[in-house]
Amino acid sequence: MDMDIPQAFQKELTCLICLNCLMDPVTIDCGHSFCWSCLRVYWEKAETPACCPVCRQPSQQTDYKTNILLKGLVSIARKASLRQCLSSEEHMCGTHKETKKIFCEDNRSLLCLLCSESQEHEAHSHCSVEEAAEEYREKLCKQMRSLWEKSQENQRNLDKDGRLSFHWMCYVYKHEDIIRAVYQPLHPSLRKEEKQHLGSLKKQGNSVFKQLQKIRAEMVEKRIQLRLMYEELLETCHKSDVELLLELGNKLPRIELVQLHMPQRPQPKLSARPVTGLMDRLNRFRVEISFHNEVTNHNIRLFDDVRSVRYIHDSRYVSLNPGTPNYFASWGTQDFTSGKHYWEVIVDRSWDWAVGVCRDSWIRKTGTLVESKDTFLLVCVKEDDRYSLWTTAPISPQFIAKPVGRVGVFLDLDSRSMSFVDVARHSIIWRYPDGVFTFPVRPFFYTGHT
Ligand SMILES: [Zn+2]
Ligand SMILES: [Zn+2]
Ligand SMILES: [Zn+2]
Ligand SMILES: [Zn+2]
């Protein structure tokens, strides 16, 4: 193996995408092997489903582990050609006429044994070129996987929040109407407070909008940087070991730098604005609600995986998969057809919950809640390590702090609207516009103990 590697052997170790010696080889379902990094790029450009670039057989998965056996063979082949390369005239020390077999990490240069023992290199860290090449290739593979992962994550965030600033502004405009509607039945002496609220809402709306635009621009910029770096490395990884050693060392700090300070997904939030006299007014309409408790072990798929909510193309799928027996759905024992009614529900015992009302006839229906026009709910779901609030009919994000303790539900069947109240903060979370209900409704509560 130390001599010439037979051409046939070399050919077997060739990636059929880049036509170079395999680097971080992965073997896909059909048995063909490619460089991990080439395959990522190929599949990103290719149409789905992913299939083999050679035989077109569809591949079930798209992420593969390194084929250790192939990696070992490639390493043998590389070492052989490295030795061949080092034995050439070009890599002979001019002074000592010896092969430069030593790599100096500090100067990033190749040295012969005698040069490496000279005073100049006394304090340096040296190792054999072979060892260094192996180590640098390993580093390179790691960095390429990490760069790819980072750029995928960045892209996912960009996709998720594609229309976030647009949704945010719509939300702020709607809140202007909500503030007016909330103050309207209150005492005229509160006009000043109303004006202040409207003013600070506008200010916050604009400043968050700018912030969202800025973060988005950073994400787009990061996408470009990560991509350029990936492509640069893709080129580097196909270079000879000697070239790799001389080039990569200088690049490593840059590769690490570009992966730092990844723009984080923004979580815009409107401040809670306490409304003087709100709770006094609502408590005048206080009713006690008794609930039927039911374990949702039959086919009520309330929210089909709310955690996968996306803003992509504005089509959003919200549902909460009850899957576990710890989810409970409760319906109020009485329905409401007229008058004003206010009740409170304790929500701080779970991360996932939904509070509100639903149409009587919806109760025994199966299917998801999301598309339903029969439910008017405030929904809280935990997604990774963050929670998000939504309202249904239509499903919309709520950019407001999660209420702790209790959520108040104010059903006003005279104006046929409904509001959700953050009891602890004396503030309005959301108010449906007048006239949304044209049918009797029943209180509803859904909770998950995780
Ligand atoms: Zn390749
Ligand atoms: Zn194949
Ligand atoms: Zn020398
Ligand atoms: Zn040195």
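The values are calculated or read from the model by the stated rules, or taken from the named source; none is laboratory data. As the structure is a prediction and not an experimental result, all values here were calculated from the model. Heads up, the Cβs are rebuilt from the backbone with ideal geometry, glycines too, and the neighbour counts pull from every protein chain shown. Heavy atoms of the whole protein, side chains included, go into the accessibility calculation; ligands, DNA and RNA do not. Shrake-Rupley method; radii C 1.70, N 1.55, O 1.52, S 1.80 Å.
Brief remarks follow.
- Only one residue of THR333, THR62, ALA50 has its Cα farthest out toward the positive end of the dipole of the chain, where Lys and Arg carry +1 and Asp and Glu -1 on Cβ, and that residue is THR333.
- Percent carbon-and-sulfur accessible area, the chain, ignoring ligands, DNA and RNA, probe 1.4 Å: 52 percent
- Distance in nm between pseudo-label sites at GLU105 and LEU16 (7 Å out along the Cβ direction from Cα): 4.1 nm
- Dipole of the chain, positive direction: furthest Cα of PRO433, TYR136, LEU246, with charges on the beta-carbon: PRO433
- Taking 17 Å as the straight-line reach from the Cα of LYS210, the lysines in range (excluding those fewer than 8 positions away in the same chain) are LYS202, LYS269.
- Modelled spin labels at LYS210 and PHE166, positioned 7 Å past Cα toward Cβ, are 2.3 nm from each other.
- Take the chain with all the other protein chains still there, run a 1.4 Å probe, and you get 51 Å² of accessible area per residue.
- Ranked packing of 259-265, 219-225, most packed first, by mean Cβ within 10 Å: 219-225, 259-265
- Here the Karplus relation 6.51 cos²θ - 1.76 cosθ + 1.60, evaluated at θ = phi - 60°, turns the backbone of region 10-18 into coupling constants of 4, 5, 5, 9, 9, 7, 7, 8, 9 Hz, with x for every Gly and Pro.
- Solvent exposure ordering (accessible area, 1.4 Å, most first) of MET169, MET418, MET92: MET92, MET169, MET418
- Prolate/oblate/rounded label for region 374-439 (Cα gyration tensor, a/c 1.5): oblate
- Measuring r between the beta carbons of LYS251 and THR66 and using R0 = 30 Å, the FRET efficiency lands at 0.85.
- With 0.36 nm allotted per residue and the present C-alpha distance subtracted, the GLN7-LYS139 stretch has 44.7 nm of extension available.
- FRET E, pair LYS269, LYS373, Förster distance 30 Å, beta-carbon r, rounded to 0.05: 0.60
- Accessible-area ranking of GLU344, GLU44, largest first, probe 1.4 Å: GLU44, GLU344
- Inter-probe distance in nm under a simple model that places probes 7 Å from Cα toward Cβ, at PHE285 and SER125: 7.1 nm
- Here the relative contact order of the chain, from alpha carbon pairs under 8 Å that lie six or more residues apart, stands at 12 percent.
- Three-way shape label, the chain, alpha-carbon gyration tensor, a/c 1.5: prolate
- Under 5 Å, built H, 5+ apart or other chain: amide partners of TRP430: PHE420
- Ordered by solvent-accessible area of protein heavy atoms (1.4 Å probe), largest first, the residues CYS380, CYS21 come out as CYS21, CYS380.
- Cross-link pairs LYS150/LYS239; LYS150/LYS382; LYS192/LYS373; LYS45/LYS239; LYS100/LYS222 - those with Cα-Cα distance over 29 Å: LYS192/LYS373; LYS100/LYS222
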